Amino acid sequence: MLRKRNIIKVVKELDAFTKIPEDYRKQSAVGGTFSLASFCIIVYLIYAETSYFLDSRLQFKFEPDVEYDSQLQMNIDITVATPCDRIGADILDSTNQNLMTSENFHLEDTWWDLTPDQRAHFEALKHMNYYFREEYHALHELLWKSNQLTFSNEMPKRDYIPSYPSNACRIYGSLDVNKVAGNFHVTSGKSVILPRGHFHFTSFHSSTAYNFTHRINRFSFGKPSPGIIHPLEGDEKITTDNMMLFQYFIEVVSTDINMLMHKSKTYQYSVKDHQRPINHAKGSHGIPGIFFKYDTSALKIKVSQERDSIGQFLVKLCATVGCIFVTNGILNSIVQNFWCLFCYKFLQNSNGKSDEKVTVDSKGKVIGNPINLINVMAPPSIDDVDLLSKP
């Protein structure tokens with residue numbers, strides 16, 4: 001039992017957080033005001049730190065793209081204002097491979113004029129895509145964290161069939177292409193594949209038999225992903241010149257997405273477009289048609305979603321609360337000391353010299369101002385006076 005008491009005594013002596021007895025504590029209005037202010041500030045900072053912890057942050061990094069031997073998926077849905085029997089579509093890359101196959105790409109006769117539902121869908125796609133391109137820097141974090149695709153690319157089905165023959169061709173499908181420079185083009189005449197390339201057979205069509213007015217409902221690389229904007233979707237080019245050349249220069253960038261809830265790999269691209277009429281007499285040579293010339297970037301973008309750990313959150317929370325508590329304690333002490341100094345120095349001098357001290361020397365003389373005995377109040381009774389007499 002004695003040994004246990006000694007251990008407790010030793011532990012008490014090691015206490016660095018000494019306790020102040022209740023008799024030495026004094027409460028004041030200034031201290032209460034600082035306590036209330038400290039409580040409000042601490043509650044607000046706890047809420048702010050918790051919101052910051054729950055809200056993740058996006059990190060964008062550039063890294064070399066070492067997956068040069070992989071393939072990327074190309075998704076196309078284009079409508080050209082020319083019947084399918086008068087035009088041809090091909091995909092050629094720098095390896096001289098023709099990647100256009102009937103299994104992956106389809107040419108379907110359709111009508112250029114859209115139904116009201118289809119036109120409303122396409123206009124919504126065009127305006128929304130334009131808005132996202134213009135305001136992307138202000139909305140990109142919201143788009144990445146939303147886990148929602150920017151817009152559905154599925155065109156509504158036509159609810160009625162026009163009475164006149166089809167006057168347009170829809171080219172759509174998805175296929176894997178090599179990660180090298182290439183071009184997807186739509187021009188007049190059906191293509192004929194040769195050992196060293198291909199050509200388009202246009203002998204049976206005049207220059208007025210085709211028109212390359214086109215509408216792009218879908219043009220993307222890789223799988224759909226939140227935060228990715230495809231600039232060409234919703235684009236519509238209308239021309240009355242049959243000899244018009246449309247060119248799109250596209251740079252494709254590989255993008256790795258590492259979010260807290262999912263991981264994916266996709267592609268995004270930037271594009272520049274150019275159009276000019278073909279007129280050999282004026283020196284503007286070329287082939288009328290629609291050409292998408294693409295190339296892949298040597299760098300890739302890595303998008304990651306990061307958040308502080310639980311330990312970091314608790315450390316920041318404790319440091320914030322402790323800092324506010326100590327700072328308010330210091331300010332409270334400073335204000336209390338200044339208040340006491342003001343009360344005991346300035347207010348006391350303003351009330352007069354009623355509490356002056358009287359000093360008597362050894363000879364019985366009063367040093368300082370004499371006491372006016374007339375104004376001295378006598379005690380109410382003799383019993384209240386203590387008389388001291390020498391024996």
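The values are calculated or read from the model by the stated rules, or taken from the named source; none is laboratory data. Values in this document were obtained by computation on a predicted structure and should not be read as measured data. Reconstructed Cβ throughout: ideal geometry from the backbone, glycine too, with neighbour counts over all protein chains shown. What goes into the accessible areas is simple: the full protein's heavy atoms, side chains included, and nothing from ligands, DNA or RNA. Shrake-Rupley method; radii C 1.70, N 1.55, O 1.52, S 1.80 Å.
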| Before we move on, is A319 in the same structural domain as T79 (by the TED database), open to solvent by 30 Å² or more (accessible area, probe 1.4 Å) and part of a helix (DSSP H, G or I)? | no
| Is there a residue in segment 255-276 that is in contact with a His (Cβ under 9 Å, 6 or more places away or on another chain) and either outside the structural domain of K223 (by the TED database) or surrounded by fewer than 14 Cβ atoms within 10 Å (Cβ to Cβ) (or both)? | no
| task | Of the numbered conditions (1) modelled with pLDDT of 85 or more; (2) under 23 Å from E63 (Cα atoms); (3) surrounded by 21 or more Cβ atoms within 10 Å (Cβ to Cβ), I216 fails exactly one; give the number of that condition. | result | (2)
| part of a strand (DSSP E or B) and at negative phi: does that describe F313? | no
| Qualifying positions in segment 297-332 - hydrophobic (A, V, I, L, M, F, W, C) and either touching a strand residue (DSSP E or B) at 6+ places or on another chain (Cβ under 6 Å) or touching a residue at least 12 places away in the same chain (Cβ under 8 Å) (or both) | A298, L299, I301, V303, F313, L317, V321, I324, F325, L331
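Let's see how each residue does on (1) open to solvent by 50 Å² or more (accessible area, probe 1.4 Å); (2) over 22 Å from S174 (Cα atoms):
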| site | (1), (2) |
| --- | --- |
| Y68 | yes, no |
| M74 | no, no |
| I78 | no, no |
| N104 | yes, no |
| P116 | yes, yes |
| R119 | yes, yes |
| K126 | yes, no |
| Y130 | yes, yes |
| task | Give the number of residues within segment 44-66 that are within 30 Å of T266 (Cβ to Cβ), more than 18 Å from the chain's Cα centre (by Cα) and open to solvent by less than 70 Å² (accessible area, probe 1.4 Å). | result | 2
| Flag for G227 being open to solvent by less than 50 Å² (accessible area, probe 1.4 Å), assigned by the TED database to the domain that holds F122 and closer than 30 Å to S70 by Cβ | yes
